[in-house]
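This report concerns only the one structure given below.
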Amino acid sequence: MIHPFFRRVLLALSGTLLLASCSDNKQQATTLPYIGEHDVRARTDGGPADTIYATIPRFTLTNQEGKTVTDSTLAGKVYVTDFFFATCPSICPKMQSEMLRVYEKYKNNPRVAFLSHTIDPAHDSIPVLRDYAERLGVTNASQWQFVTAPHDTIFALARAYMTGAEADKKAAGGFAHNGTFALVDGQRHVRGLYDGMNPQEVDRLLREMPLLLAEESAKQSKP
Amino acid sequence: MPRALQVLRGAAIATAFGLLAGCFTNKQNEGARLYQEHCSNCHGEQGAGLRRLIPPLAGSDYLSTNRAALPCILRKGQQGLVVVNAVEYNQVMPPHEDLTDSQITNILNFLQQSWGNKGEAYTIREVSELLGACNGSDGR
């Protein structure tokens with residue numbers, strides 16, 4: 001059985017592959033694709049049409065220190081997301097140990113952030129999240145935030161980040177979810193999806209992050 | 001692909017699987033396979049654990065100091081404070097009701113004898129008896 005969320009991710013991934021394979025232009029090879037649906041809008045001034053890329057909706061979350069985190073906290077940064085829960089009996093430890101690899105590489109780089117969303121906000125209170133982060137060795141709460149929000153907010157965000165997550169009484173621990181990592185640019189566009197359970201996929205994330213960071217630098221140095 | 005080639009390829013794949021399966025016939029490898037399947041996501045492929053979240057199994061003093069309790073820990077899971085190599089852990093390990101007594105024995109023997117561990121091996125009968133303490137023996 002393929003979970004519908006997995007299917008979406010697969011679709012998105014194969015879309016990326018297709019896109020990548022039809023472009024022979026050099027520019028493309030060093031630019032990460034925009035993942036999700038595109039919309040093309042004619043401009044009122046008659047100029048070339050604008051492409052509107054899928055954008056993560058604005059959000060307000062609370063981190064392990066009880067501080068508010070919003071989309072503007074992360075604006076202009078490159079960030080990586082995942083979805084987990086503290087008592088997750090299956091994939092989370094492995095997924096978080098892969099995330100740790102990425103964190104160690106970009107630790108203290110103010111242009112990079114990490115966002116781990118709990119999909120069990122009823123259990124994972126702020127003290128639980130703080131304890132989890134500390135046990136994982138994450139001391140810099142402003143760089144790797146373990147965040148909570150009302151249930152519906154979290155699950156809507158999971159969909160936006162193209163990560164499968166839903167309550168499922170039959171699944172181990174009560175939630176069915178996958179270990180997708182989403183790489184997001186400074187304007188809330190998803191630019192890469194990776195299977196966080198697969199070290200090769202996480203290696204690809206490590207190779208692709210510098211491309212996105214370079215793109216952000218270029219954007220910011222423009223007048 | 002020509003039909004003959006397809007058949008050949010099928011045969012090659014089947015042989016590869018056959019070879020793989022052949023590797024897992026002895027008990028040590030049964031333990032390794034079960035560990036990989038049921039435990040490695042949390043405790044790691046090399047039993048190193050994960051920071052202060054998941055305790056290690058490689059070089060864990062707990063394996064010798066709590067030898068008799070291990071069958072029930074595998075069967076029923078564990079939660080609350082545990083101290084392994086002087087580090088405190090406090091998370092949830094899930095139960096494994098789907099494993100037979102003999103599978104638990106093979107996993108435990110794999111733990112006691114891997115990654116430099118040199119613990120005493122268990123017999124199936126001993127594990128079934130120890131599982132009696134938590135009503136966890138399935139007699140198989």
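What fraction of the DSSP beta bridges in chain A is antiparallel, stated in percent and rounded to the nearest 5? Bridges in chain A that DSSP calls antiparallel: roughly 60 percent. Straight-line reach from B:Lys118: taking Cα to Cα under 17 Å and skipping same-chain neighbours fewer than 8 places apart, the aspartates and glutamates in range are B:Asp61.
Counting only Cβ charges, +1 for Lys and Arg and -1 for Asp and Glu, the dipole size of segment B:42-91 around its Cα centre is about 140 debye.
For segment A:53-152, just say rounded, prolate or oblate: build the C-alpha gyration tensor, square-root its eigenvalues into a ≥ b ≥ c, call rounded for a/c under 1.5, and beyond that prolate if a/b exceeds b/c, oblate if not. Don't skip to the end; give the middle numbers.
Working: a/c = 1.44, a/b = 1.11, b/c = 1.29.
It is rounded, given that a/c, with a ≥ b ≥ c, falls under 1.5.
Residue by residue along A:32-40, Cβ atoms of other protein chains within 10 Å of the local Cβ number 0 on average. Straight Cα distances below 26 angstrom link A:Lys77 to the lysines A:Lys26, A:Lys67, A:Lys94, A:Lys105, A:Lys107, A:Lys219, A:Lys222, with same-chain residues fewer than 8 positions distant left out.
Of the peptides B:30-37, B:80-87, the order by per-residue mean of other Cβ atoms within 10 Å, starting with the highest, comes out as B:30-37, B:80-87. Overall, the anisotropy analysis places chain A in the prolate class: the square-rooted eigenvalues a ≥ b ≥ c of its C-alpha gyration tensor yield a/c not less than 1.5, with a/b exceeding b/c.
Qualifying GluC sites (Glu not before Pro) in segment B:93-127, where qualification requires a DSSP coil assignment and no more than 16 other C-beta atoms within 10 Å, comprise B:Glu97, B:Glu120.
Partner shielding of A:126-132 amounts to 1, given as the average count of beta-carbon atoms from other chains within 10 Å of each residue beta-carbon.
Using +1 at the C-beta of Lys and Arg and -1 at the C-beta of Asp and Glu, which of A:Ser125, A:His38, A:Thr62 has the Cα lying farthest in the positive direction of the dipole of chain A? In chain A, that residue is A:His38. Whole-Hz Karplus values for segment A:91-100 come out as 8, 4, x, 5, 4, 5, 6, 5, 5, 4 Hz, taken residue by residue from phi with 6.51 cos²θ - 1.76 cosθ + 1.60 and θ = phi - 60°; glycine and proline positions read x. Among beta bridges identified by DSSP and lying wholly in segment A:112-216, the antiparallel ones come to about 65 percent.
Find how many whole Å separate the alpha carbon centroid of segment B:88-105 from the alpha carbon centroid of segment A:136-185. Rounded to whole Å, the Cα centres lie 26 Å apart.
Taking all C-alpha pairs of segment A:128-175, those more than 17 Å from each other amount to 53 percent.
Helix A:126-135 and the longest principal axis of the Cα set of chain A meet at an angle near 80°. Within chain A, the longest run free of trypsin sites (Lys or Arg not before Pro) that sit in a DSSP loop with at most 11 other Cβ atoms within 10 Å is A:59-168.
A short reminder: the numbers here are calculations on the coordinates, not readings from a lab. Remember, predicted model here, so these are calculated numbers, not experimental data. Using ideal geometry, Cβ is built from the backbone for each residue, glycine included, and neighbour counts are taken over all protein chains shown.
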